[in-house]
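> Encoded as structure tokens, here's the structure I'll be asking about.
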Amino acid sequence: MERSEEFKQRFMELISDLDGKISDIPKILNIDYNVYIKIKELGIIPKPIILIRIADYFNISIEYLLGRTNNSYFEKSNMKLSFLDRYQALKAEKHLTDYVIAQKLHISTSYTTNWKNKHYIPSIINLILLSEELKVSIDYLLGRTDDRIFYK
């Protein structure tokens, strides 16, 4: 599990503005209490699907949530595309194959096959690496926004 002090601090900033008891925060965010504690106490970055829930609740980018940018502006996509839709389109646009992407990310091609065949979303580390390789934001890659801005 990946840990990030920047993520932990940003998360704590965001939840400090929520009304209600501390024990209600996981319910408000639609996340498991144990996930909440791991974020709050250890800065453990949860699975992308949980990051999406948190970012959606606050209407912020995952890049902002992770502390990769200080720009809190976020514009949600009008048409909801899946990670797979975006991944396939970006691959075609950049004339890349699963094999080339797997080599660049230092993962096996069976991992990229699972993205397609089982509709898996990559781990946050692989999403970051993939977004850097494709020069798009994590949120664009996940279909959350139509803004391609790549955060360095």
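The values are calculated or read from the model by the stated rules, or taken from the named source; none is laboratory data. For clarity, every value in this text was computed on a predicted model and none was experimentally measured. Note that each Cβ is placed from the backbone with ideal geometry, even for glycine, and that neighbours are counted across all protein chains shown. Heads up: the accessible areas ignore ligands, DNA and RNA and are worked out on the full protein's heavy atoms, side chains in. Shrake-Rupley method; radii C 1.70, N 1.55, O 1.52, S 1.80 Å.
> Filter the helices (runs of 4 or more DSSP H) completely within the stretch 20-65 down to those with at least 3 residues that are free of Cβ contacts under 8 Å to residues at least 12 places away in the same chain.
25-29, 33-37
> Let me ask another. Pairs please, first residue from the stretch 73-91 and within 21 Å of residue 103 (Cα to Cα), second anywhere and open to solvent by 40 Å² or more (accessible area, probe 1.4 Å) and in a helix (DSSP H, G or I), Cβ atoms under 7 Å, 6+ apart in sequence or on different chains.
84/116
> Within the stretch 92-127, which residues are surrounded by 14 or more Cβ atoms within 10 Å (Cβ to Cβ), assigned to a helix (DSSP H, G or I) and touching a residue at least 40 places away in the same chain (Cβ under 8 Å)?
124, 127
> Does residue 76 satisfy being charged (D, E, K, R) and either part of a loop (DSSP other than H, G, I, E, B) or modelled with pLDDT of 95 or more (or both)?
Criteria met by residue 76.
> Still on this structure, please answer the following. Can you name the residue in the stretch 13-27 that is among the aliphatic types (A, V, I, L, M) and open to solvent by less than 60 Å² (accessible area, probe 1.4 Å) and is also farthest from residue 49 (Cα to Cα) among such residues?
Step by step, filter the stretch 13-27, then rank; the result is 18.
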